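To start, the structure itself, in structure tokens.
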Amino acid sequence: MADWSSDPEELERHIERSRRELARTVDELADRLSPRNVAHRGVERVKEEADQVVKAFGTLVRPSGDDEDGQGGVDKRVVLAGVGAAVTVAALVLWRRRRKRR
């Protein structure tokens, strides 16, 4: 147990310090849990996952002039795989958030 001073002024200072610390903690939690910030973090996670997918499938991109019409470009399978991965990641993020709320 804490060694409480019998000095009322010291007790008041201690209480005020505790109030400030509690207020700071509540503010941090409110900021961390605000819907806007939660959504922003989710979007950032999806972007990071999409970047990883793009890097993983980057070797499937054909150099310019390699396809039938000489235009080059991205293999359609790569685009579909990337879109599928992004949708899957977004769905998982939303599912996990809803599950945590319960």
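Residues are listed down the side, and each one gets a yes or a no for (1) part of a helix (DSSP H, G or I); (2) polar (S, T, N, Q); (3) modelled with pLDDT under 85:
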{"site": "ALA2", "(1), (2), (3)": "no, no, yes"}
{"site": "SER6", "(1), (2), (3)": "no, yes, yes"}
{"site": "GLU10", "(1), (2), (3)": "yes, no, no"}
{"site": "GLU16", "(1), (2), (3)": "yes, no, no"}
{"site": "LEU22", "(1), (2), (3)": "yes, no, no"}
{"site": "ASP27", "(1), (2), (3)": "yes, no, no"}
{"site": "ALA30", "(1), (2), (3)": "yes, no, no"}
{"site": "ALA39", "(1), (2), (3)": "yes, no, no"}
{"site": "VAL43", "(1), (2), (3)": "yes, no, no"}
Kindly establish whether THR59 is at pLDDT 85 or above, surrounded by fewer than 11 Cβ atoms within 10 Å (Cβ to Cβ) and β-branched (Val, Ile, Thr). no
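The values are calculated or read from the model by the stated rules, or taken from the named source; none is laboratory data. Nothing here was measured: the structure is a model prediction, and the numbers come from that model. Virtual Cβ from ideal backbone geometry, glycine too; neighbours counted across all protein chains shown.
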